[in-house]
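Visitor: Dropping a structure here in structure tokens format, bear with me for questions.
The values are calculated or read from the model by the stated rules, or taken from the named source; none is laboratory data. All values reported here derive from a predicted model rather than from experimental measurement. Glycine also receives a Cβ, built like all others from the backbone with ideal geometry; neighbour counts cover every protein chain displayed. Surface areas here come from the heavy atoms of the whole protein model, side chains and all, with no ligands, DNA or RNA. Shrake-Rupley method; radii C 1.70, N 1.55, O 1.52, S 1.80 Å.
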Amino acid sequence: MANHSQFGFQDASSPIMEELMQFHDHALMVALAICSLVLYLLALMLTEKLSSSTVDAQEIELVWTILPAAVLIMLALPSLRILYMMDEINEPDLTLKAIGHQWYWTYEYTDFKDLTFDSYMIPTSDLPLGHFRLLEVDHRVIVPTDSKVRVIVTADDVLHSWAVPSLGVKTDAIPGRLNQTSFLTPRPGIYYGQCSEICGANHSFMPIVVESTPLANFENWSSLLSS
């Protein structure tokens, strides 16, 4: 999760988030190169004496047409690749339905019978020692490690947003509409998120906690909860 005074992203905990962070660094390097070139040309114009010699207009037009096109291609191709990777949801191992309410989440494991629960934020007065304030919930989302999880997101009342930054997941929850996303956790861990839509007075009190656990532990948990 995020630390105090942190400027960058949270540590990536899914392959998609790793790709997003690499694309972010790539785009920053392109922007840095453009800014450096503009700054150099600006300094050159301010310091050098004016000259009457000019370059052929066709050569200048060729340069300022090809360079921006090359920059756009350098940004567009990796971006489209990641978009297709995020949209690709083929044969998920587990399907989870997240329903946003004011102000809590309801989760349904559609692959199991009668496996559903509500997830509320734990009040600060009841928070166990060592847990995170405003981020811990009474019922976590348990998923198996190294399994592709499809999340179907909707809302019951107003707009919400199901977001877990370290997993690279952020999907709007819209009443009457189903949106879907997916993630994969390559290692066990606990990942925190919050509703990222201004859904009302308690918008910031809708935390999301995803706990990734080995498959055997997940099967034991699901059998106990659904029995």
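Visitor: Condition check: buried (at least 18 other Cβ atoms within 10 Å of the Cβ) and under 19 Å from the mean Cα position of the chain (by Cα). Does L184 satisfy that? Step through it out loud before you land on a result.
Guide: Values: buried (at least 18 other Cβ atoms within 10 Å of the Cβ): yes; under 19 Å from the mean Cα position of the chain (by Cα): yes.
Considered against the rule, which asks whether it is buried (at least 18 other Cβ atoms within 10 Å of the Cβ) and under 19 Å from the mean Cα position of the chain (by Cα), L184 comes out as yes.
Visitor: Test each condition in (1) β-branched (V, I, T); (2) exposed (fewer than 15 other Cβ atoms within 10 Å of the Cβ); (3) within 21 Å of E197 (Cα to Cα) for T124 and report the one that comes out false.
Guide: (3)
Visitor: Scanning for something at pLDDT below 95, open to solvent by 30 Å² or more (accessible area, probe 1.4 Å) and over 20 Å from the mean Cα position of the chain (by Cα), does the range 136-154 turn up at least one residue?
Guide: yes
Visitor: If you don't mind, there's one more thing I want to ask. Quick one: would you say L129 is in contact (Cβ under 8 Å) with a residue 24 or more places away in the chain, outside the structural domain of A27 (by the TED database) and assigned to a loop (DSSP other than H, G, I, E, B)?
Guide: Working: in contact (Cβ under 8 Å) with a residue 24 or more places away in the chain: no; outside the structural domain of A27 (by the TED database): yes; assigned to a loop (DSSP other than H, G, I, E, B): yes.
It is false that L129 is in contact (Cβ under 8 Å) with a residue 24 or more places away in the chain, outside the structural domain of A27 (by the TED database) and assigned to a loop (DSSP other than H, G, I, E, B).
Visitor: Also, I was wondering about something else. Name the residue, out of S166, S182, that is part of a helix (DSSP H, G or I), in contact (Cβ under 8 Å) with a residue 12 or more places away in the chain and farther than 21 Å from Q102 by Cβ. Steps first, please.
Guide: Values: S182 fails: part of a helix (DSSP H, G or I).
So the residue among S166, S182 that is part of a helix (DSSP H, G or I), in contact (Cβ under 8 Å) with a residue 12 or more places away in the chain and farther than 21 Å from Q102 by Cβ is S166.
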